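The values are calculated or read from the model by the stated rules, or taken from the named source; none is laboratory data. Please read these numbers as outputs of a predicted model, since none were measured by experiment. Cβ atoms come from the backbone with ideal geometry, glycine included; neighbour counts cover every protein chain shown.
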Amino acid sequence: MRVDPTYITNLVGSLDLAQANEEQLTAELSSGVSITSLGQNPVAAGENVLLLNQIQQDDSFTQSSSLVTGQLQVADSTLGSVVSQLTQAISLATSANNGTMNPSDVESVANQISGILDEVQSLANTSYQGQYIFGGAQTASTPFSTSTSTSPAVTTYNGDQDVNFIRTPNGQKIQLNVPGSQIFLGTGANSVFGALNALIADYSTGTVNTAQAVSDTQALGTALNFVSQQRVTIDSSITQLTAASDAVTSSQTQLTAAQTNLMQADVGQVSTQLSLAETQQTALEDVISQLDQESNSLFSKLQ
Amino acid sequence: MGTINSAFSIMSGALEADQAALSIVANNVANANTPGYTQEVANWQEDQPLTVGGISYGQGVTETGATSLRDSVLVARLDQQNQLASASSARLTALNSLEALFPPDSGSSSATAGDIGNDVTTFFSSFASLEANPANVSLREEVLSSATTLAGDISNAAASMNAQSAGLGQEAAGVTSQVNSLTAAIAQLNQQIQTTSPTADADTLEDQRNEDISQLSQLIGINQIKTENNGLSITTTSGQLLVSEGSSFQLSSGLVNGTTHFFLGNTDVTAGLATGGGELGGYLTAATVDIPTAMAALDQLAFGISTSVNALNNAGTDLNGVSGTAASPLNLFNEPTQVAGAAAAMSVVMTDPSQISAAGAGLGTGDNSNAVAMANLANESLFQPVATTSFSLTQNLSSTTPVNGTVTGSALVYDSLGASYNATVTYTNLGANSWGYSISLPDTLTANTSVANQVSYSFGAGETVNPGTNLTITGSAAGGAATIVAPAVAPGEAVGSAGPPPTGYMASLDSALTAAGITGVTVSNTGGVLTIAGATATAGSVIADPVASAGSTGTLTFNASGALISPASDISGITFSGMGDGAASLSLNWNLFGTGGAGNITQTGAGSAQTAQSQNGSAGIGSGQTPTDFYASFVSMLGATVAGVQAENTAENASVTQLQTQNNALSSVNLNDEAAAMSTLQTSYQAASQVFNMLNTIITSALNLGVETAVS
């Protein structure tokens, strides 16, 4: 035989490679992840970054969506209560306007409507997680306050006209709030507080100017309808958010499946490769063992 | 005719030859495992025949020595391939360490430590969460927390890369002592070989020299040149001498600007060694190409995120109703001044979560429009070109320059489209320690094709902006004279409706108005429509692109000791137009003095030389890429580099094995052959001995005349 100084070195190198391969395959089997370094599959490593980014954006939106849906539902529920209160106020005003009540009853109606106004103002000052939801961007200060120094009393808005939006992962913008002034202090007959304050003034003396009171009652009806219209915006946002959230969840499921396929180890394939690597290692060890004996040259035959 | 005596002589010669050949076999077997040993074979030579009376009689055999079985071409080829394999192996080791800093995220619930891709997404998602409740303090804390994680991971990765680079430099420097030891040994062997074996193979010495060259090939890329008398010269692959026959030249290393460089004598051979091969080449390629490439990408990512987020945060309104100003910025990240080093320096400087500007400019604290904009940065290209606004140039002005002679320096600057140009500063020696200077931009600016409906200006080659005409720029365009009139704007007139002017234009325009003496003017930008209004601006006032102010030429005066004495204070506001792309214009403020009052202009007795320049622009990065796209591209490219070098290394090792096998087939000791040779020589020796014995019997018989006696 030829004493090749690199035989053993080459074989040991091959053995090292086989063992490293086994370690890699074992790591893939134990972790379930097929790509543990960038060099193994550069394209998949890059694609993985993009997929995880999309998945996480979807996840983040789903959480935000849940939070803002709660806020919108509170707003919707609040406006529902406002509608009930206003309906009750219209009913009271209608009965006061029919001319059958004595002054004391009329004053009582005024007091009841005043109570409704307080209630509506309280509803308009509703907060969610410490933030006033009808103050526009002025979420830290009470949006509405009423001054009784004049008759009729005047309710003023301390918020602004700012409207917030949330952006979905596909770029859709969904409205998150309606400024309180737009709901409760609409122009002319659309003003809830204007109509309520006017009716209180109409009945507070016990003497009813029927024409004025009827007109103010009609204005309250108009304001009620206006509130309902604004409520539609809130409802529409809730619907949009639900739809967007569903779409995002569906997208997230698909993306997660794609990302799993990309990174997950194929157990069958890896097991086969591991088995082959083990066979190779055994074969290499046998060869090295044979060479190590060095009894194959002609010298062993010389007498 | 032959005699018995001559037969004796022939046989004794044969016995000697057989003994010598057996000795060669023994030497081969003894050195079977000696590294670098080349198998030797005995040289047999038939002795000159004796001719007597026209008849030739053979005179036996002589063993004339041993010949090493060597193929110099194959050995040299093997050395070359070893250089390549060693280089790729060393580079691969370094790259494996580098890629380990950016582990792929498995996507499991727990994020991988140091996963910058995940950090980027989490950071921008934290702004998306803030959209839902912009005043919520815990959501704001999350923004700061995710920013801290992002900045920490990026700066840690940068620090690790710097450490790896320094480590590679040290390893590379460590190789030099081995290289020097080997080149010294080769030079010594050259001397011995040239003395002892100038015309033939030097056998053992040659083996040792080849072994040393083989080891040297593992370390460094070399070329071999055979010289006279069996000598050898060795150069680096770029041609610098390492060994010249009996002399060797020491390779040394030292730090230059913080990185390890290599020298032969006074010559810096680093660049040649990096591409030459060998372990040193691999280390240097990793340290000077692979790591800087990765670092540059990380710097770009850090710079893009930091500057974009800071700019938006300053533009919005924080929870205290405050907006950032130049004097009191609301920076979330440490604001980088340049791309280089941005990753290592990335950190979160904001400590109060209420300073996050979730609300838009001038809006209530419950507004979320700025949070939406910052979250949307995840979907926008963060790496727009940055126009140069200032540059500095360190220029030696030679005292040997004759009066009216000039020295020029240049600095690379960028326009707002990322195109680069050379701003040229010309210094003219006016005598009496006085120099004049002027600045010009001899560049051709290309049209802005990336934004529709924006006006573009083209300047001719060699054109110099004339600072005396604020409103009209004249010059020599290629093909003839050209006059470019800047757009005229009357008070109150809306301009730019064809395309929204970016913020930079607004700022530049504002300073242009001031420079033009038009005061009390308000410049506003509403929906992309630029409006100029003001009490004192009169109809006919023409507003140009940023103007070249007086002072773009001037005089520098030095005292007798060469220190700059005039101008006595920092010069700023040397501005000139010329970098505008029609929408975002550029104003270059050339500061003669750097920070701390150190003069950037020096006058020395040495030759004129430009030693350093810096500027604050950039060409823009990864056109249209979002931060995540950019990071994904980065990891793909790094992975592809690792995979490429891995494949290269595998192929080169296979080639080395093949060449090694070929060489071993020729040059290594074959025990079978040696056993056979020994057996043959033994037989031959026995036969010769037998013949000798018979001759002895014959001559004894002859001496005793055929009678058996005691003489034997």
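Just the residues that are more than 7 Å from chain A (Cβ to nearest Cβ) and without any contact (Cβ under 8 Å) to a residue 12 or more places away in the chain, please, taken from region B:638-658. Give the steps one after another, and end with the answer.
First, the residues of region B:638-658 that are more than 7 Å from chain A (Cβ to nearest Cβ): B:641, B:644-645, B:647-656, B:658.
The answer is B:Gly644, B:Ala647, B:Thr650, B:Ala651, B:Ala654, B:Gln658.
Tell me, which strands (runs of 3 or more DSSP E) lie completely within region B:4-93 with 2 or more residues that are in contact with a Pro (Cβ under 8 Å, 6 or more places away or on another chain) and more than 14 Å from chain A (Cβ to nearest Cβ)? If you could, list the steps in order and put the result at the bottom.
Details: elements: B:40-46, B:50-52, B:55-57, B:61-68.
Because the criterion is at least 2 residues that are in contact with a Pro (Cβ under 8 Å, 6 or more places away or on another chain) and more than 14 Å from chain A (Cβ to nearest Cβ), the strands (runs of 3 or more DSSP E) in region B:4-93 that meet it are B:55-57.
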key: Matching residues, region B:659-705, being within 13 Å of chain A (Cβ to nearest Cβ), of a type in the set (A, V, I, L, M) and surrounded by 17 or more Cβ atoms within 10 Å (Cβ to Cβ)   = B:Leu659, B:Val669, B:Leu671, B:Ala675, B:Ala677, B:Met678, B:Leu681
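For residues that are assigned to a loop (DSSP other than H, G, I, E, B), small (Gly, Ala, Ser) and farther than 22 Å from B:Ala345 by Cα, tally how many sit in region B:308-331. So that I can check it myself, show each step before the final result.
Step one: filter region B:308-331 for residues assigned to a loop (DSSP other than H, G, I, E, B), giving B:316, B:318-331.
Those left that are additionally small (Gly, Ala, Ser): B:316, B:321, B:323-324, B:326-328.
Right, trim to farther than 22 Å from B:Ala345 by Cα and you get B:316, B:321, B:323.
Adding up the residues that qualify gives 3.
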query = Going through region B:311-328 one residue at a time, which ones are exposed (fewer than 15 other Cβ atoms within 10 Å of the Cβ) and in contact with a helix residue (DSSP H, G or I) (Cβ under 6 Å, 6 or more places away or on another chain)?
reply = B:Asn320
request  = Name every residue in region A:41-69 that is among the hydroxyl-bearing types (Ser, Thr, Tyr) and more than 7 Å from chain B (Cβ to nearest Cβ), in order of residue number.
outcome  = A:Thr62, A:Ser65, A:Ser66, A:Thr69
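For (1) over 23 Å from A:Ala223 (Cβ atoms); (2) touching a residue at least 60 places away in the same chain (Cβ under 8 Å); (3) loosely packed, with under 14 Cβ neighbours inside 10 Å; (4) within 12 Å of chain B (Cβ to nearest Cβ), each residue gets a yes or a no:
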{"residue": "A:Glu28", "(1), (2), (3), (4)": "yes, yes, no, yes"}
{"residue": "A:Gly39", "(1), (2), (3), (4)": "yes, no, no, yes"}
{"residue": "A:Val83", "(1), (2), (3), (4)": "no, yes, no, no"}
{"residue": "A:Ser91", "(1), (2), (3), (4)": "no, no, yes, no"}
request  = Could you list, in sequence order, all residues of region B:245-267 that are loosely packed, with under 15 Cβ neighbours inside 10 Å and either in contact with a His (Cβ under 8 Å, 6 or more places away or on another chain) or not polar (S, T, N, Q) (or both)?
outcome  = B:Gly254, B:Leu255, B:Val256, B:Gly258, B:Gly265
request  = Sort out for me the helices (runs of 4 or more DSSP H) sitting completely within region B:106-222 that have 1 or more residues that are closer than 30 Å to B:Val372 by Cβ, within 14 Å of chain A (Cβ to nearest Cβ) and free of Cβ contacts under 8 Å to residues at least 60 places away in the same chain.
outcome  = B:116-132, B:137-196
message = Looking only at region A:202-228, how many residues end up being surrounded by 18 or more Cβ atoms within 10 Å (Cβ to Cβ) and either under 18 Å from A:Glu107 (Cβ atoms) or free of Cβ contacts under 8 Å to residues at least 60 places away in the same chain (or both)?
response = 9
query = Can you find even one residue in region A:69-79 that is over 30 Å from B:Ser138 (Cα atoms) and of a type in the set (Gly, Ala, Ser)?
reply = no
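Is there a residue in region A:196-213 that is of a type in the set (D, E, K, R), more than 19 Å from A:Ala75 (Cβ to Cβ) and in contact with a helix residue (DSSP H, G or I) (Cβ under 8 Å, 6 or more places away or on another chain)? Steps first, answer last, please.
Within region A:196-213, the subset of a type in the set (D, E, K, R) is A:202.
Filter again for more than 19 Å from A:Ala75 (Cβ to Cβ), leaving A:202.
Then drop every residue that is not in contact with a helix residue (DSSP H, G or I) (Cβ under 8 Å, 6 or more places away or on another chain), which leaves A:202.
Within region A:196-213 (the criterion being of a type in the set (D, E, K, R), more than 19 Å from A:Ala75 (Cβ to Cβ) and in contact with a helix residue (DSSP H, G or I) (Cβ under 8 Å, 6 or more places away or on another chain)), the answer is yes, since at least one residue qualifies.
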message = Here are the criteria: (1) in a helix (DSSP H, G or I); (2) buried (at least 22 other Cβ atoms within 10 Å of the Cβ); (3) touching a helix residue (DSSP H, G or I) at 6+ places or on another chain (Cβ under 6 Å). Tell me which single one B:Leu242 does not satisfy.
response = (1)
ask   = When region B:45-76 is examined, which residues are found to be exposed (fewer than 13 other Cβ atoms within 10 Å of the Cβ) and β-branched (Val, Ile, Thr)?
value = B:Thr51, B:Val52, B:Ile55, B:Thr64, B:Val73
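Does A:Val12 meet the test of being out of contact with any strand residue (DSSP E or B) (no Cβ under 6 Å at 6 or more places or on another chain), within 8 Å of chain B (Cβ to nearest Cβ) and either under 23 Å from B:Val645 (Cα atoms) or of a type outside the set (Lys, Arg) (or both)?
Working: out of contact with any strand residue (DSSP E or B) (no Cβ under 6 Å at 6 or more places or on another chain): yes; within 8 Å of chain B (Cβ to nearest Cβ): no; either under 23 Å from B:Val645 (Cα atoms) or of a type outside the set (Lys, Arg) (or both): yes.
Here the answer is no, as A:Val12 does not meet what is asked.
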ask   = Which condition breaks for B:Thr275 when tested against (1) touching a Phe, Trp or Tyr at 6+ places or on another chain (Cβ under 6 Å); (2) over 21 Å from B:Ala187 (Cβ atoms)?
value = (1)
ask   = What is the number of the single condition among (1) under 43 Å from the mean Cα position of the chain (by Cα); (2) under 30 Å from A:Gln131 (Cβ atoms) that B:Ser97 does not meet?
value = (2)
message = Looking at region A:280-302, can you tell me whether even one residue there is at pLDDT 90 or above and surrounded by fewer than 14 Cβ atoms within 10 Å (Cβ to Cβ)?
response = yes
Selection within region B:332-375 - in contact (Cβ under 8 Å) with a residue 60 or more places away in the chain, at the interface with chain A (Cβ under 9 Å from one of its Cβ atoms) and assigned to a loop (DSSP other than H, G, I, E, B) = B:Thr365, B:Gly366, B:Asp367, B:Asn368
